[in-house]
Structure formats: C-alpha cells, structure tokens
1. ³J(HN,Hα) across the range 101-115 via Karplus (A = 6.51, B = -1.76, C = 1.60, θ = phi - 60°), whole Hz, x for Gly/Pro?
2. Calculated FRET efficiency, Val156 and Arg34, Cβ-Cβ r, R0 45 Å, to nearest 0.05?
3. Can you give the Rg/Rh ratio of the range 3-167, where Rg is from the C-alpha atoms and Rh is the Kirkwood radius?
4. Can you tell me what share of the DSSP beta bridges in the chain is antiparallel? A percent to the nearest 5 is fine.
5. How much mean residue ellipticity at 222 nm does the chain get from its helices, if each DSSP H run of length 4 or more adds -39500 (n - 2.57) and you divide by all residues, to the nearest 500 deg cm²/dmol?
6. Would you kindly derive the ³J(HN,Hα) couplings of the range 66-81 from the backbone phi angles with the Karplus curve 6.51 cos²θ - 1.76 cosθ + 1.60 (θ = phi - 60°), listing them in order in whole Hz, with x for Gly and Pro?
7. Listing Phe98, Phe28, Phe106 from the residue with the fewest other Cβ atoms within 10 Å to the one with the most, what is the order?
8. If you take the beta carbon distance between Leu93 and Gln45 as r and set R0 to 45 Å, what does 1/(1 + (r/R0)^6) give as a FRET efficiency, to the nearest 0.05?
Amino acid sequence: MAEISESKLIRDVIHVVPAVHGDERGRFVETYRRSWFPLGREMVQANRSDRTKGAVVGLHYHLHQADYWYVTRGHARVVLFDLRVGSSSEGSLELVDFGDDERGVFIPPGVAHGFASLTDVTLTYLVDAYYNAHDELGVAWDDPDIAADWGVTDPVLSDRDRCNPRRSEIPEALLPRAGLRT
C-alpha cells in the first residue's frame, strides 16, 4: 500500500511514496489513486515533460487547477511555494528531491511549483482542469524573497520563466486565496 502523508510545511500538499512490486519479469507501481487526495478532483489530462540536466521549469501557479507530479526517470528537485493569501502556510517554501525512490506530490491551486533537472528527467503529471491560458500564471524562479535553492548552478530557462514577476509584483487580482477552488 502506498504511503500518503501531508506536507509538514505547506497545507494541502500531499506526498506519495507508492508501493513497488517486482519480480524477475519487471516492476509494477500504482502511481496515482484519486482517493489519496481529499482536495483533489478527477484528473482530466495527463502530460509528460522531458528535460535535460540543468533545466529549470517554473515557478508556475494556478488559481483553479491542481497538479499531481511523478518523476519516472532521473533526478529532479521540486520547488513548492505557498502563494495563497490567508493560508496558514502562506509564504512557506518546500524543496523535495525526486529520484530513484519513487514518489509523487499533489499540488493544490495557489501553490507555486517548479522543478530543476539534476539529471535528464522525465516527469509525468496529471491535472484536474484542461489548459486555460488565464489560469497559467508564474512567479520569478529566482525571487530573492522566495530564496529557493534549485540545486543547479547555470539553469536553462524558457523565455517565459525568465520574465515571470517577483512575488511582490504580482497584481492583487492574480494572487491566489486560501480555500479558493472552482
């Protein structure tokens, strides 16, 4: 049975260490089960992200969408930051290293998330809403007020991630609120 635990740092973030079954034929891992996530809705889309060593993705956040991430190959540092105004963990930072130990993380709306590829990485993720450009937001990956240690010295970034605003520059209307889910 999978080990399911709530984050000790960010409210509503759920960590998963699935049970791994194997024999001479190979392995079987149940990587996701809806019942593990009390705040989760049905996941409607699955995505895959392949990144080379040194790539940084994020920090991204959504006002309405939740994500479930699972690294299937390589080592990644996942960075989570609670942007939700009024959350008991507002302003909290969590770093989680993913790799050979098989784990996943449920990320609720309003928690900024990103990852650094410490090796070449394949990350699969499920989302509970279809893509909506108005709900695809970001905060600067290198914001000194967040002060995340990404674990890479010379990050490779997209143009979008280079241009995300600092937390202090996000317009009030685009800041997530605790308990907001639609």
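1. Karplus-based 3J(HN,Hα) across the range 101-115 equals 8, 6, 8, x, 9, 8, 10, x, x, x, 9, 5, 9, x, 8 Hz.
2. On the way: r = 34 Å, r/R0 = 0.77.
About 0.85, to the nearest 0.05.
3. Working: Rg = 15.4 Å, Rh = 16.2 Å.
Using only Cα positions, Rg/Rh for the range 3-167 is 0.95.
4. Looking only at bridges with both residues in the chain, the antiparallel portion is about 95 percent.
5. Details: 1 runs with 5 residues, N = 182.
Estimated from H runs of four or more residues: -500 deg cm²/dmol.
6. Along the range 66-81, the couplings run 9, 10, 10, 9, 8, 8, 9, 8, x, 10, 9, 9, 8, 10, 10, 9 Hz.
7. Numbers: Phe98 22, Phe28 11, Phe106 25.
Fewest-to-most Cβ neighbours within 10 Å comes out as Phe28, Phe98, Phe106.
8. Values: r = 27 Å, r/R0 = 0.61.
The value I calculate is 0.95.
Read the figures in this text as sums done on the coordinates, not as results from a lab. Just so we're clear, the structure is a prediction, and the values are computed from it rather than from any experiment. Cβ: placed from backbone, ideal geometry, glycine included. Neighbour counts: every protein chain shown.
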